[in-house]
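All remarks here apply to the structure that follows.
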Amino acid sequence: MPQVNNQSSQTLRDIRINEEDVLKGLAELKTNKSPGPDGIFPTVLKEMREIIYRPLTQIFQMTLRTGDVPTDWKTSNGIPIHKKGDKTESGKFVIILLLVFVTEVVVVVLGYIYRAKVEDEVDSSIQNVYNEYNGTNTDAASRAIDYVQRQLHCCGIHNYSDWKNTRWFIEAKNNSVPLSCCKGSISNCTGSLSRPGDLYPEGCEALVVKKLKEIMMYVIWAALAFAAIQMLGMLCACVVLCRRSRDPAYELLITGGTYA
């Protein structure tokens, strides 16, 4: 039927429907729709449009003239269909977020506990690493110690005198420590203990422990940040779940006809 402006002063009798409009409307019917109360499928109406468009035009015109709508046009089929989505999906999402949140909290707690034990762990292992030092680049322990001493500007475990108790120092018999103990500002440093001013005075154990604790604190803060974000996600999911629980599980599908 022609479009009528809601604000127009037109009445039903002012509307004109011609045969071309009806024929065009029948040709544009969607054939995948269900039939109305009369049981006639849109496919049938579309295929028979050349036969029925004239009688239908007369019915439309008579309806507009008299203002009476055929009784069959006032009925429709109402079919309850389930809405898309599952109400339990939001609940599953909340449970998954809760499990991840609990996991992150456990990680934070364990990280904080282990942070207090870092010094003991480093103290128990660093002595063995220094005893394995042989001064060659092919040895992993030697490369690691030289790298740490250069990067952290340290020498020995507690200070440079700890090198006297290592196997490398005893076997070398040159009263010197590795060149990685030399200060960067000293150009002619040989690592000799007779010139302690050329060496880093601070031991590596305290600096390694400090650096590890800093890294663990970064991890703890990152885990807390992610936990806060996931807590916000759980709250949002709960809000959505509560809203969806008030919605009806089914909606009414109208097929054919109009409301009276």
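The values are calculated or read from the model by the stated rules, or taken from the named source; none is laboratory data. Just so it is clear, the model here is predicted, and its values are computed rather than measured. The area values use the complete protein model at the heavy-atom level, side chains included, leaving out ligands, DNA and RNA. Shrake-Rupley method; radii C 1.70, N 1.55, O 1.52, S 1.80 Å.
Before moving on, here are some points about what is shown:
- Fraction of accessible area attributable to carbon and sulfur, the range 116-162 (%, probe 1.4 Å): 45 percent
- At q = 0.16, 0.26 Å⁻¹, base-10 log of I(q)/I(0) for the range 15-55 (Debye sum, equal scatterers on each alpha carbon): -0.40, -0.89
- Between the amide H of SER176 and those of LEU193, distances stay under 5 Å, these residues lying 5 or more places away or on another chain, with hydrogens modeled in the peptide plane.
- Extension gain for VAL106-ALA172 works out to 18.9 nm (0.36 nm per residue, less the C-alpha to C-alpha distance).
- Using a cut-off of 27 Å between Cα atoms, the listed pairs LYS164/LYS213; LYS183/LYS211; LYS164/LYS210; LYS183/LYS213 include LYS164/LYS213 as exceeding that distance.
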